[in-house]
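The values are calculated or read from the model by the stated rules, or taken from the named source; none is laboratory data. Please read these numbers as outputs of a predicted model, since none were measured by experiment. No Cβ is skipped: glycine too gets one built from the backbone with ideal geometry, and neighbour counts run over all protein chains shown. Note: accessible area is taken over every heavy atom of the protein model, side chains too, but ligands, DNA and RNA are not part of it. Shrake-Rupley method; radii C 1.70, N 1.55, O 1.52, S 1.80 Å.
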Amino acid sequence: MSESPESSAGPEASEPPGPSAWSRCLHHIAEAGDRLAAQLRDRGEVGAEVEASVTVLGVLMFGYLNHVWAEPEHPRFLPGAGFYTHVGTPSPDTIYRSAAIDGSGVYRLSGDRGTVADVSVMPFGAPNPQGLQTFPPFEFADLDVGPDGRFEVTLSVERPAGHVGNWWQLDAQMRSLMLRSVSAEWGRHREPTVAIVRLDTSPRRTRPPADVLARKFEGLALMVERSASYGLAKVDRLVADGVVNAVTLIDYSANGGLAGQYYHEGVFDLGDDEALLVEVALSPGCEFSIALTDRVFCTIDWTHAQASLNHTQATVDGDGVLRFVVAHHDPGVANWLDTTGYRRGVHQCRWLRCDGPPAPTVRVVSRSEVVEHLPAGTARVTPTERAEALRARNASAQLRSLW
């Protein structure tokens, strides 16, 4: 009598398979989302579960592109920090893209430099206690660019023998490049298009090894949680330091801050009829970008609401003082920063090309009495003018690259 398939099978064959890499990854991400939601609830945030879900999904998108698909042998500039990816506090005036590299390799960047005023590449290394190891940026302004905007630049630790033309020196400790395209005039310039290829390895990409992908999936949930928790902890520190409805100077030099750029941050915590009035005297030629974030330190929707202002969008009063109002409802002032319903968040100010860091003053006033605290010449807007300005803002934002 022959044996049945069941009796002939070995003990290994009878054991059910363990959870897949996908299943384990989703399980860990679900736990991370639950922990974030609990932390937001503990801080009194309304709709914590939904807010946590949006944040985790956004960071997950960033993690999939910049962690799972991060390949120094086959890099490309992928969407980096942004509103939809919920990573960091991206400036609404900047498009961020990131590419993984091996600092000891040889790479070539090429493409169209575009007409945006400021384009640079910030190299990063491995994480350290202060954040990410940073290096001086590579500036596109230093490149020889053709009259049609085309460019090409080689990147390596040492200049290749016989190489002529543009060259940027890498450091063997570099692990990624962040391409930054900065424009205060949304939609009025041609964005840069940049390709990156590696020159010292085979250009052919084969099927990724399963064990490599499995390790990346194992680390994805941790990366997502750390990214989301960073923003929450950042706001917690400002609260603990008493920077609530106030402002303080922040040093971001160890986390990719631009040289010569100053940062001020403060938590806003406003009732329905309260407003935060910020006043700052500016030196001639000072440029700025001011934006609001949510409780997890992600810049809120700046396309469908005036949640940010830069030096081309804001109005500086005749006495050289920039005045802007943070409020939940429109106070009829041109320089209104709309919280869009977030009771708590952060107002972050970036100052560039100034004669040292400005010195903002901050005070809480009644929203219904805002105009009484402003000079007579401070620009006002009607509801109709506001609506038209928002439609124009939305259109100009869409004319930029999404990422």
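Of note:
- Using a cutoff of 8 angstrom between alpha carbon atoms and counting only pairs six or more residues apart, the relative contact order for the chain works out to 17 percent.
- Per-residue [θ]222 nm for the chain (sum of -39500 (n - 2.57) over DSSP H runs n ≥ 4, rounded to 500): -7500 deg cm²/dmol
- Debye, to nearest 20: dipole size of the chain, +1 on Lys, Arg Cβ, -1 on Asp, Glu Cβ: 700 debye
- If a spin label sat at a point 7 angstrom from the Cα of Asp251 along the line to its beta carbon, the backbone N atoms of the range 338-367 nearer than 18 Å would be those of 351, 356-358.
- Scanning residues 5 or more positions from Trp168 or on other chains, those with amide H under 5 Å from its amide H are Thr154, Leu155, Ser156, with H placed 1.01 Å from N in the peptide plane.
- For Gly187, distant residues with modelled amide H under 5 Å away: Arg400
- Neighbour cut-off at most 16 other Cβ (10 Å), DSSP loop, GluC sites (Glu not before Pro), the range 98-192: Glu158, Glu185
- Per-residue HN-Hα couplings for the range 71-76 [Karplus 6.51, -1.76, 1.60; θ = phi - 60°; Hz; x = Gly/Pro]: 9, x, 6, 9, x, 7
- Counted as membrane-span-like here are DSSP H helices of the chain whose alpha-carbon atoms extend 24 Å or more along the helix's own axis and whose Kyte-Doolittle mean is -1.0 or above; these are 21-42, 210-240.
- Spin-label pair Tyr230-Thr201: with each label point 7 Å from Cα along the Cα-Cβ axis, the two points sit 2.4 nm from one another.
- In this simple spin-label model, placing a label point 7 Å from the Cα along the Cα-to-Cβ direction at both His329 and Asp148 gives a separation of 5.7 nm.
- Chymotrypsin sites (Phe, Trp or Tyr not before Pro) restricted to the range 69-117 and DSSP loop, no more than 16 other C-beta within 10 Å: Trp69, Tyr84
- Accessible surface calculations at 1.4 Å, restricted to protein heavy atoms, place the chain at 49 Å² per residue.
- Whole-percent carbon and sulfur share, accessible surface of the chain, 1.4 Å: 55 percent
- In a DSSP loop and with at most 15 other Cβ atoms within 10 Å, there are no GluC sites (Glu not before Pro) in the range 331-393.
- Counting only DSSP beta bridges whose two residues both lie in the chain, roughly 90 percent are antiparallel.
- When the charge dipole of the chain is built from unit charges on Cβ atoms (+1 for Lys and Arg, -1 for Asp and Glu) and taken about the Cα centre, the candidate among Phe151, Val50, Gly377 whose Cα reaches farthest toward its positive end is Phe151.
- The longest part of the chain holding none of the exposed loop trypsin sites (Lys or Arg not before Pro), meaning those outside H, G, I, E and B in DSSP with at most 16 other Cβ atoms within 10 Å, is 206-342.
- Anisotropy class of the chain from Cα gyration tensor, a/c 1.5 cut: oblate
- Those Cys residues of the chain for which no other cysteine Cβ falls under 4.7 Å: Cys25, Cys298, Cys349
- Using θ = phi - 60° and Karplus 6.51 cos²θ - 1.76 cosθ + 1.60, couplings along the range 298-308 (whole Hz; Gly, Pro as x): 9, 4, 7, 4, 9, 8, 9, 8, 7, 8, 8
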